Amino acid sequence: MKPANGQTIIQSFEQFSPKSYAVEGDKIGLQIGTLNKKVSKVMVALDVLEPVVDEAIEKEVDLIIAHHPIIFKPIKALRTDSTYGRTIEKLIKHDITVYAAHTNLDVAPGGVNDMMAEAIGLQDVDVLVETVNDPLKKLVVFVPEAQAADVREAIGEAGAGHIGNYSHCSFNSKGMGAFKPGDGADPFIGEQGEMEYVDEVKIESVFHESIEKKVLNAMKKAHPYEEVAYDLYEMASPGKVHGLGRVGYLEQALSLDDFVQRIKKAFDVKGVRVVGERDRQVKKVAVLGGDGNKYTSAALFKGADVYVTGDLYYHVAHDAMMEGLAMVDPGHNVEKIMKEGVRRKIKEFVDKNNYSTEVLVSTVHTDPFRFM
């Protein structure tokens, strides 16, 4: 086995968490170093602080995939006698690449907010704040009848034809393909300068625009022709909506007091800040990782009984209290749940392709707050 290339790892990761899902202006993607290298060890981290970098150096990590960008504001000076400058210096000197997946990982299905909703035990989960519409497209491709099954399987495995609980959906019709190979052609069927007629299948299948590149690459790789005939159509049907936060239901209502105990256990925190009466009943829950102050109105609009988010402001809490919305602030650091979730995603890719790359999670505790 050999280690994976950094670019290959990130291309796979971005199928799960596309950059297009990020909120406008977010600082995501490659931040330090290069992805054009072999990666023997990947480490997943919430924050890229100096102790995390020291851990990466000790463990001989080649690539850090982080949730919070290390470069978020414009850098006016990079002084290596400051903690921040020294941290970046260490990364560069030890050839450690840093890649950040921030709001795109929050929005992604199966990303941070879905991980949090699952940890709480929410059911019938929906998006809290819609930010991205992933429109539907249709691929129409013409394939020799003998190779049609291979192409159908390839595009299905790439994600085309997923409708509800069904996968690999397609419509197929038979017809006659005609072509004449010209000078310089290397035809799979036929001879240069001779008209050729082939029994072909027209395969039609829908997919979401975010995976277009993956579907087309799979189709071209499986197709026998050197020049593939295909069409792409935009669909009138609505696409898939993605967004920040999640809203769902507890299996049974709990008192706010009991719900708080569930939150503390789910996110491994010793204390939380709470708005609302301890004995009030909560069943519909909104959750948003990180700073969710400006989305409190969305939680109210969705009819949530309680809103779980971090970094709550004093006056936001006052407004929620007057509107009758309970709130639980377990801190921004609960997004650490992403470390194990992302590790599993990268590990699946590594194992599937028989790479020797090792995938680790940072064990450094990066929450600046502690309860006394």
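Residues in the stretch 193-208 that are over 10 Å from residue 142 (Cα atoms) and under 37 Å from the mean Cα position of the chain (by Cα) were compared, and the one that is surrounded by the most Cβ atoms within 10 Å (Cβ to Cβ) is 205.
Those residues that are surrounded by 17 or more Cβ atoms within 10 Å (Cβ to Cβ) and among the basic types (Lys, Arg), I need them from the stretch 279-295; list them, please. Hit for the stretch 279-295 is 284, nothing else. Considering each residue of the stretch 71-83 in turn, at least one proves to be touching an Asp or Glu at 6+ places or on another chain (Cβ under 7 Å) and either in contact (Cβ under 8 Å) with a residue 12 or more places away in the chain or under 26 Å from residue 292 (Cβ atoms) (or both). For the stretch 1-32, name all the residues that are over 14 Å from residue 345 (Cβ atoms), in contact with a helix residue (DSSP H, G or I) (Cβ under 7 Å, 6 or more places away or on another chain) and part of a loop (DSSP other than H, G, I, E, B). Listed by number, the residues that qualify are 22, 23, 26, 28.
Residue 203 falls short of the stated requirement of being among the aliphatic types (A, V, I, L, M) and at pLDDT below 95. Within the stretch 208-237, the set of residues being under 24 Å from residue 188 (Cα atoms), at pLDDT below 95 and touching an Asp or Glu at 6+ places or on another chain (Cβ under 8 Å) comprises just one member, 226.
Taking the stretch 296-327 as the range and being part of a helix (DSSP H, G or I), surrounded by fewer than 21 Cβ atoms within 10 Å (Cβ to Cβ) and either touching a Leu at 6+ places or on another chain (Cβ under 8 Å) or not assigned by TED's automatic domain parsing to the domain that holds residue 124 (or both) as the test, the residues that pass are 300, 323. Against the list (1) touching a helix residue (DSSP H, G or I) at 6+ places or on another chain (Cβ under 9 Å); (2) surrounded by fewer than 22 Cβ atoms within 10 Å (Cβ to Cβ); (3) not in a helix (DSSP H, G or I), the condition residue 99 fails is (2).
For the stretch 128-154, give me each residue that is under 20 Å from the mean Cα position of the chain (by Cα) and surrounded by fewer than 20 Cβ atoms within 10 Å (Cβ to Cβ).
Scanning the stretch 128-154 gives 130, 131, 133, 134, 135, 136.
Against the numbered list (1) crowded, with 20+ Cβ neighbours inside 10 Å; (2) without any contact (Cβ under 8 Å) to a residue 12 or more places away in the chain, residue 245 comes up short only at (2).
So in the stretch 53-74, with the set limited to residues that are at pLDDT below 95 and over 23 Å from residue 16 (Cβ atoms), which one is farthest from the chain's Cα centre (by Cα)? Checking each candidate, the answer is 74.
None of 131, 87 is over 18 Å from residue 296 (Cα atoms) and either polar (S, T, N, Q) or assigned to a helix (DSSP H, G or I) (or both) except 87. You will find that of 126, 114, the residue that is assigned to a strand (DSSP E or B), touching a strand residue (DSSP E or B) at 6+ places or on another chain (Cβ under 7 Å) and not hydrophobic (A, V, I, L, M, F, W, C) is 126 and no other.
The sole residue among 364, 359, 342 that is touching a residue at least 24 places away in the same chain (Cβ under 8 Å), surrounded by 13 or more Cβ atoms within 10 Å (Cβ to Cβ) and in a loop (DSSP other than H, G, I, E, B) is 364.
Of a type outside the set (Ser, Thr, Tyr) and farther than 23 Å from residue 128 by Cβ, is that true of residue 240? When the stated conditions are applied, residue 240 does not pass them.
The values are calculated or read from the model by the stated rules, or taken from the named source; none is laboratory data. Source: prediction; values computed, not measured. Cβ atoms come from the backbone with ideal geometry, glycine included; neighbour counts cover every protein chain shown.
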